[in-house]
Amino acid sequence: MEKLLIIGGNAAGLTAASRAKRIDPRLDVTVLEKLPEISYSTCGLPYFLSNLVTADSLISYTPEDFERQRGVRVHCRVRVDSVVPSRRRVYGVRTDTGESVEFPFDRLLLATGVKPKLPAIPGVNLKNVLTLINLQDALAIREALAPATRVAIIGAGYVGLELAECLHSLGKAVQIFEREPQVLPSVDADMAQIIEYELRRFGVHVGVNARVLALVGAAGAVQGVKTATGLGVSPCDVVLLDTGVEPNVDLAAGAGIQIGLTGGISVDAHMETNVPGIYAAGNCAESYCAIRQRPVRSAIGTVAAKQGRIAGENMAARRSKFLGAVGTTVLKVFDLNVGRTGLTSREAAAEGMAAASAMIEAADRAAYYPSARKVWIKLIAERGTRRLIGAQAIGYGDAAKRIDVAAAAITARMCVDDLAQLDLAYSPPYSSLWDPLLVAAQALLRELA
């Protein structure tokens, strides 16, 4: 009986385990996870912090449930310290007992995820300076927040913006420090202005171009944030860091597995590494950008799950290929829906693409309908080919629907001329006669003329 071993018990790892076992029930599949829990929604952690959901509701399976329903053994609290490809073994420690363990494998999947990328400033090790990567982090943040009144967020990416709303709902005074000239650098500056306005509308203090010099404290606990403005120290009780993540590749590197130029584990389209029989998937592995047509890093859960599925199929001897992704995301920032897919204008320029863009403002459904809300749509196309390469949608109305359509168009390598004539559904409660996406496409055609 062939032994499949998977290191990592969340989206990529468990998807791979389930898929491989379903394809070939004869396989002996084992999952190793260093934390106490598996199969929980990382994306749901901000909603746990804001008391919208419970921790238990975020967990889809306990280890016992997963083994009973999927036929896959799961060992939690196992920290893998080394992988030895020549011996087809991994070695580690049970963190609850200190016992040394080893597990054999015929095929191995690394789904080790990411770790926080901490800023190189004094004070990051003070008490109540925290990051949000997993459920254990969320439990620690909740404990720290209980007595706190003022919270600083360093970084205005996806997690930082979601945390700002979460903390506001708890009655905390929130201050964001972002080193870039705008919030949410994954959208263009003209769209980010809308998000920044929304944050300020709800009383969040936003500082862009904010270079944090140090976190200061007393008695070992953080008490404030010092920036390069020279205006002193901004007081706070808790600091939450949204300063990026980096792939967990130490195990792979130690085993002689190739690390790609992006910093993730290098894999082929079958999610196999340069060491035969060893695969990688999820946030620790490189993804593939269908627009740039080269490897990129991704920290998106949906991409991790798809990579895990492809890895599982190949580990079960079914040859499948991961076709890539285009960076489609959506998040909620107070009353705004914020979505993006493909390349921004800035990213297109960095790739050396001659691009055109157009931005429009419209109602998300018939303007006379009582629930009509405003949306802003921005589309980006490559000039020579007229191919759609990027889209951003922000609004108080339905932005996600438009981003999903745009993502499909980008994946299909559709040109703007075709996008402008898509046959989209219309009824006054759901859209306008000319859907905002089509209006944006027509505006972009004028820019391409």
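All of the numbers you see were taken from the coordinates with simple rules; none came from a lab. Because the structure is predicted, anything quoted here is derived from the model rather than measured. Positions of Cβ are backbone-derived with ideal geometry, glycine not excepted, and every protein chain shown enters the neighbour counts.
Please state the equivalent ellipsoid semi-axes for the range 153-207: what are the square roots of 5 times the Cα gyration tensor eigenvalues, largest first, in whole Å?
18, 11, 9
Considering only the chain, what is the antiparallel percent among its DSSP beta bridges, to the nearest 5?
65 percent
Give me the percent relative contact order of the chain, please, defined on Cα pairs under 8 angstrom at least 6 residues apart.
13 percent
Go from 0 up to the bin containing the longest alpha carbon distance in the chain, width 20 Å each, and give me the % of pairs per bin.
Result returned by the calculation: 23, 52, 24, 0.
Which value in deg cm²/dmol, rounded to the nearest 500, describes the helix-derived mean residue ellipticity at 222 nm for the chain, given -39,500 (n - 2.57) per DSSP H run of n ≥ 4 and division by the residue count?
-7500 deg cm²/dmol
Just the number, please: percent antiparallel of the DSSP beta bridges in the range 129-243, rounded to the nearest 5.
Given both bridge residues lie in the range 129-243, the antiparallel proportion sits at roughly 40 percent.
Enumerate by residue number the GluC sites (Glu not before Pro) in the range 89-178 meeting two conditions: DSSP loop (anything except H, G, I, E, B), and at most 10 other Cβ atoms within 10 Å of the site's Cβ.
Counting only loop positions with at most 10 other Cβ atoms within 10 Å, the GluC sites (Glu not before Pro) in the range 89-178 are 99.
What spacing in nm lies between the two simple spin-label points modelled at residue 146 and residue 99, each 7 Å away from Cα in the Cβ direction?
Spacing of the two 7 Å Cα→Cβ label points: 3.3 nm.
What full-extension length gain, to one decimal in nm, is calculated for residue 221 and residue 350 as 0.36 nm per residue of separation minus the Cα-Cα distance?
Answer, rounded to one decimal: 42.3 nm.
Just add up the charged neighbours of residue 223: K/R +1, D/E -1, any other residue whose Cβ is under 11 Å from the Cβ of residue 223.
That works out to +2.
Please work out the ratio of the alpha-carbon Rg of the range 129-243 to 2.2 N^0.38 Å and round it to two decimals.
That ratio works out to 1.01.
Please state the relative contact order of the range 129-243 as a whole percent: Cα pairs under 8 Å, 6+ residues apart?
Relative contact order here is 33 percent.
Arrange the following residues from fewest to most other Cβ atoms within 10 Å of their Cβ: 139, 110, 184.
The fewest-first ordering by Cβ neighbours comes to 139, 184, 110.
State the volume of the convex hull built on the alpha-carbon positions of the range 335-448, expressed per residue in Å³ and rounded to an integer.
Considering the Cα atoms of the range 335-448, their hull volume per residue is 83 Å³.
Subtracting the Cα-Cα distance from 0.36 nm times the residue separation, let me have the gained length for residue 412 to residue 133 in nm, one decimal.
Here the segment from residue 412 to residue 133 would lengthen by 97.1 nm.
Which value, in debye to the nearest 20, gives the size of the charge dipole of the chain about its Cα centre, when Lys and Arg are +1 and Asp and Glu are -1 at the Cβ?
Using only the charged Cβ atoms, the result is roughly 500 debye.
Calculate the dipole size of the range 129-243 relative to its Cα centre from +1 charges on Lys and Arg beta carbons and -1 charges on Asp and Glu beta carbons; express the result in debye to the nearest 20.
420 debye
Among 191, 314, 273, whose Cα projects farthest towards the positive end of the dipole of the range 188-320, with charges put on the beta-carbon of Lys, Arg (+1) and Asp, Glu (-1)?
The residue sitting most towards the positive pole is 314.
Just to be sure I understand the model, the point goes 7 Å from the Cα along the line to the Cβ. What's the resulting residue 106 to residue 319 distance in nm?
1.9 nm
May I ask you to sort 35, 167 by Cβ crowding, counting other Cβ atoms within 10 Å and putting the fewest first?
Fewest-to-most ranking of 35, 167: 35, 167.
Amide H of residue 115: which non-local residues (sequence gap of 5 or more, or other chain) have their own amide H closer than 5 Å, using H built in the peptide plane?
246, 248
Full extension from residue 59 to residue 91: what is 0.36 nm times the residue separation minus their Cα-Cα distance, to one decimal in nm?
Length gained, residue 59 through residue 91: 8.8 nm.
Given Cα pairs under 8 Å that are at least 6 residues apart, what percent is the relative contact order of the range 335-448?
After rounding, I find 33 percent.
How many nm is it between the label spots at residue 269 and residue 421, if each spot is 7 Å from the Cα in line with the beta carbon?
It is 3.1 nm.
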